[in-house]
Structure formats: C-alpha cells, structure tokens
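Heads up, the thing below is written out as structure tokens.
Just so you know, all these numbers are worked out from the coordinates, no wet-lab data involved. Quantities reported herein were computed from a predicted structural model and do not represent experimental measurements. Quick reminder, even Gly has a Cβ in these numbers, built from the backbone with ideal geometry, and neighbours come from all protein chains shown.
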Amino acid sequence: MNSPLSARIASNKDEEALWGILEPMVRQGGTYVFSLDKSKKSMMGYWMGADKATFVVENEGIVVGTFYLKANQEGLGDHICNAGFVVSRDAEGQGVGRWMGEFAQAAAQSRGFLAMQFNFVIQSNQKAVHLWKSLGFSVIGEIPEAYRHPELGLVPALIFHKKL
C-alpha cells in the first residue's frame, strides 16, 4: 500500500506551517516540557536548531506533521539518536505519527545512528507511550514526578530506547 505521506527537510519557508502545528501543542501542554507561553521565535529556534535535522511531513502538499533527529549526546555518545514528533491536530488519528516514527528510524539509520532514545516521554501521554511500544521501543527508565502536567499535577516521564 502506498502512503500519500512524504517527508522532506524543513526550511525557513516552512515556519508558518510548523508554527501552526507546534503552537497548539505548546499552548495545551501535556506532551512536551515547553512553557505554555513559549514564544514563536523561541520555539522555532529550538525546533529548527542547528543541532537537528528537522523534517516536515506532507500529505498532498499540506504539512501534517514534523519531527527532528539529533544526536542524543555529543562526542562519544553521538551514535544514539534523539527525536521529537508532533502531528497536526487536523491529522491526528490518521496514522501520521506511526508513519513518522517508522520513517524517522530509517532516516536515523541512514545517518549512521545505531539506536534511538527518547529521554522524556510523559507517561500520561498514552498515545505516544502506545505508539513507541508498538514500534518496538522499550521503556528503560522512569523519572518520578518529572513533569508538571497542567491538569494532572506531577506525573512520571519515561525513557524509551530501541536499537536500530
């Protein structure tokens, strides 16, 4: 089955489309550690940082998701990849996250990474927890009371890992 989704490296001309996906995630909270009032300039500086390969995912020319890949650590730890993923609200529940997760693993492997690690998956983000487990990632640690959830209070964060 061919997917209508495609991924490409993001550029500065994607800023508005990226902000359209990132801003609702930031303002709602519950999935990333960013302050709920994080500015566009600050968020774009982070998401498009020089330490990352940032991608946009399109469905027939419409940006429906974004992710980045980067070394989890520098120097002698740079063979482990770290990544961040956000699906647009309009595309939630359509398999975009799974597609990005699979594509990102292949892209990381092609860049020479030997494994992928997520350092801070908020345990109450059940969609992400389920997705990463279903893609073969293992929980290798839990950080108690690591995240101040805007509705649930202090919740744990999980560390996921998968050898590529």
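Pairs from the list K40/K127; K52/K127; K133/K162; K70/K162 with a Cα-Cα gap above 19 Å: K40/K127; K52/K127. Taking the DSSP beta bridges with both ends in the chain, the antiparallel portion is around 95 percent. Of the GluC sites (Glu not before Pro) in segment 37-103, the ones in a loop by DSSP (not H, G, I, E or B) with at most 13 other beta carbons within 10 Å are E60, E74, E92. Once you've got the GNM for the chain with C-alpha springs shorter than 10 Å, pick whichever of D14, D51, D90 has the biggest mean-square fluctuation. Looking only at D14, D51, D90, the largest GNM fluctuation is found for D90.
Coupling constants for segment 39-55 follow from the phi torsions by the Karplus curve (6.51 cos²θ - 1.76 cosθ + 1.60, θ = phi - 60°), and in residue order they are 7, 4, 4, 5, 5, 5, x, 6, 5, 9, x, 5, 7, 10, 9, 9, 10 Hz; glycine and proline get x. Between the C-alpha center of segment 89-113 and that of segment 1-44 there is a gap of 15 Å. Summarising the amide proton neighbourhood of V64: residues at separation of 5 or more, or on other chains, whose placed amide H is nearer than 5 Å comprise V57, E58, N59. For G84, the amide hydrogen comes within under 5 Å of the amide hydrogens of Y68, counting only partners 5 or more places away or on other chains and with H modelled in the peptide plane.
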